[in-house]
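Asker: Sending over a structure as structure tokens; questions will come in a sec.
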Amino acid sequence: MAAFKIQHILRNMHWREKELLEAIKGEDLTTTAIVERVHMCKATALKYLESLRKKGHVECHEEGVTKIWYLKKERGVDKKIKVLVADDDRNVLNIIRYSLEPEQFEILEAANGKEVLGVLFSELPDILILDIMMPELDGYRVCEEIKKHESTRNLPVLVLSAKANVEDKLKAMDLGVDDYMVKPFDPRELKARIKLRLKSDFEKRNKRKD
């Protein structure tokens, strides 16, 4: 019950932050102007705006006592790519962390399936690198949960697993994963595939907007 309550809180946080990001998109807005566009009071909006600022999604400047909010990426500030790596093997986590440039990538970690879901809703990663054999919830169950929610069902997922059978790969593909790599792996290939997945995801989102 406690775990369910935590997940509910995280989902609620995610949707409120997403609503604020949509309200600000393309404009510089005061807190009052933002509140007029969203379904929350000023105090609640400020709480989540500050959370988004800490995560690097928004920034603000002050004109007297008035705060003006804007999306960081729309002001030409480089935004790091958030990569969530879900694996209970510390060696794998370290290899991935050291193979991706810290100037370009921010690495988030999860050691079991339940942690993955918590980080997904709280940190809004750009891509998920997912192991299959994990404690709590395995990678297959994580994929099922991801596809249940509108906010995460389009998240690019790259499976990185020691399970090399065709049946395992087909099962993952049936659950909607975008790519599948077998361990041991070459970090250079993983990096190339991450960039390819993100490019493909960017193009898909632009088509949906059109």
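The values are calculated or read from the model by the stated rules, or taken from the named source; none is laboratory data. Everything numeric here is computed off the predicted structure, so don't read it as measured data. Cβ sites come from the backbone with ideal geometry, for glycine too, and all protein chains shown count toward neighbours.
Asker: Take residues that are basic (Lys, Arg) and tell me which of the strands (runs of 3 or more DSSP E) falling wholly in the stretch 44-135 contain 1 or more.
Answerer: In the stretch 44-135, the matching strands (runs of 3 or more DSSP E) lie at 66-71, 81-86.
Asker: Being outside any loop (DSSP other than H, G, I, E, B) and either at pLDDT 95 or above or touching a His at 6+ places or on another chain (Cβ under 9 Å) (or both) is the filter here, so list the residues in the stretch 144-167 that pass it.
Answerer: 157, 158, 159, 160, 161, 166, 167, listed by residue number.
Asker: Which one is farthest from residue 96 (Cα to Cα) among residues in the stretch 142-152 that are in contact (Cβ under 8 Å) with a residue 12 or more places away in the chain and surrounded by fewer than 19 Cβ atoms within 10 Å (Cβ to Cβ)?
Answerer: 149
Asker: A further question on this structure: What's the total number of residues in the stretch 72-90 that are touching a helix residue (DSSP H, G or I) at 6+ places or on another chain (Cβ under 9 Å) and modelled with pLDDT of 80 or more?
Answerer: 7
Asker: Got a number for residues in the stretch 128-138 being surrounded by 19 or more Cβ atoms within 10 Å (Cβ to Cβ) and modelled with pLDDT under 95?
Answerer: Total satisfying the criteria: 1.
Asker: Residues in the stretch 8-28: is at least one at pLDDT 80 or above and either more than 20 Å from the chain's Cα centre (by Cα) or assigned to a loop (DSSP other than H, G, I, E, B) (or both)?
Answerer: Yes, the stretch 8-28 has at least one match.
Asker: Also, I was wondering about something else. Residue under question is residue 148, and the condition is that it be in contact with a Leu (Cβ under 9 Å, 6 or more places away or on another chain), basic (Lys, Arg) and more than 20 Å from residue 81 (Cα to Cα); does it hold?
Answerer: Here the answer is no, as residue 148 does not meet what is asked.
Asker: Here is a check on your reading of the model: is residue 155 surrounded by 14 or more Cβ atoms within 10 Å (Cβ to Cβ), at positive phi and in contact with a helix residue (DSSP H, G or I) (Cβ under 8 Å, 6 or more places away or on another chain)?
Answerer: Here the answer is no, as residue 155 does not meet what is asked.
Asker: I've got another one for you. Can you find a residue that is under 22 Å from residue 90 (Cβ atoms), touching a residue at least 40 places away in the same chain (Cβ under 8 Å) and either surrounded by 13 or more Cβ atoms within 10 Å (Cβ to Cβ) or under 20 Å from the mean Cα position of the chain (by Cα) (or both) anywhere in the stretch 161-177?
Answerer: Among the residues of the stretch 161-177, not one is under 22 Å from residue 90 (Cβ atoms), touching a residue at least 40 places away in the same chain (Cβ under 8 Å) and either surrounded by 13 or more Cβ atoms within 10 Å (Cβ to Cβ) or under 20 Å from the mean Cα position of the chain (by Cα) (or both), which makes the answer no.
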